[in-house]
Amino acid sequence: MSHSSILIVLLAFLMFGLLSQRLQSTALTGPMLFAGLGLLIGPAGADFVPFSITSSTVHMLAEITLILVLFSDAAAIDFRQLRRDHNLPVRMLLIGMPLTIALTGLTAFVLLTEFTIWEALLLGAILAPTDAALGQAVITNPLVPVRIRQALNVESGLNDGIALPLVLIFAALAVAGPDAGAPDGFLSDAAIRLAVAPLTGIFVGYAGGRLVALCYRKAWMSETAEGLIALALAFGAFQLAEALHGNGFISAFVGGLAFGNTLGKKCKFLFEFAESEGQLLILATFMVFGAVMVPIGLDNFAAPTLIFAILALTVLRMLPVSVSLFSKGISALTSAFIGWFGPRGLASILFGLLIVEESNVPHKEKILAATIITVMLSILLHGFSAASAARRYGAYARTMGDCPENMPVSAEPFAQHDARQV
């Protein structure tokens, strides 16, 4: 990048920071603005950004961002509340997510006729993970019941790690051909990846939390060292799981959950990281997405792909969520609210790049294009609707008492919960 293009990017970050409070009252979100900026200064615009789709920089940036966001978001979850209210995210992950993958795959097979069934299911697995970063106005709004916010946060933290083994197996089946069966040992390999990840995350997070608490008590460490420790634990949980053939993303999320709730004190760095460095990484990732990947989606734009993307963000997400939450005392409006806020973002971008760079799937460019168009729509639709929908649903939940979780409906308890950043 030239000096002038770097200055333009830095000026964009500066202006966003200066106007951040004002933007919160509008329908414009950071991912939306920076994806647009990336498109403007990328190859399809002024061509200031020299990245290519094969550049490892894009992949690395998305992976680093996802690891750190997963760890910091999980560390802010109150585990005591989660243990009481675990049934929502568990049902969404174990019932809603498989249904979403199946329905999305079948819809892709029907609408995108060039795909084999395995390629269609691969696309369904790529688009299954949700991204809380695109719905921050919902996750952080104190009027939205705590249980709903935590359910969305936990779901988005775990579903990318659960989807990754399916992405890999469907990619292998797509390469092998439409009549291929499951590769030998897949089920055992997937079970190992999913079992190892939480164990490594718990180990790293718990051990790290205990060590930090001990060193605080003995006055061996300074508060400024929190950042170094948190970063080391986040990447340590990821790398240890990968070294043991587990899923690093699940490990990073579980590690953050264990660390935040073991430490037992406010970890100032993690809160500040989520508000500053984490936000910077997210915005940078979406800027690169706009510069490098959006032009690919636009070049491959077609009516069937647009119809598929709309369905993927609506019916194919909301119906499985409704089925998974059926009989749990959740109203139709609450179910629709949870179902709508399943935005697609970082994990889908990362999985799409993974397929393009490391597999020989016959129609991988088409799969990537469908992924890009879906994420583009999600950035726009969920970005425009997040703040207003959160306000309206929060007001509804308070006035109508639509809190089947027996949660308090006053804003004060929510504010107290948010203040407890661990």
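Computed values, structure above
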read-out: Proxy reagent accessibility, fewest Cβ within 10 Å first, across Ser322, Ser72, Ser378; value: Ser322, Ser378, Ser72
read-out: Cβ-based exposure ranking for Thr130, Thr29, in which fewest neighbours within 10 Å come first; value: Thr29, Thr130
read-out: Net length gained if the chain between His86 and Lys218 were fully extended (0.36 nm per residue, minus Cα distance); value: 44.0 nm
read-out: FRET efficiency, Ile95 to Leu7 (Cβ-Cβ, R0 41 Å, nearest 0.05); value: 0.25
read-out: Ranked Met15, Met97, criterion: other C-beta atoms within 10 Å, fewest first; value: Met15, Met97
read-out: Nitroxide proxy distance, nm - points 7 Å out along Cα→Cβ at Val175 and Ala303; value: 3.6
read-out: Extension reserve of the Glu114-Phe384 stretch, reckoned as 0.36 nm per residue once the Cα distance is removed; value: 93.9 nm
read-out: Full-extension gain in nm, Ala243 to Ile310, via 0.36 nm per residue minus C-alpha separation; value: 20.3 nm
read-out: Spin-label model distance (nm) - Val323 vs Gln24, 7 Å beyond Cα toward Cβ; value: 3.9
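Any read-out appearing in this document is the output of simple, stated calculations on the displayed coordinates, not a laboratory observation. Only a predicted model underlies this, so the values are computations on that prediction, with no experimental measurement involved. Please note: Cβ atoms are built from the backbone with ideal geometry, for glycine as well, and neighbour counts cover all protein chains shown.
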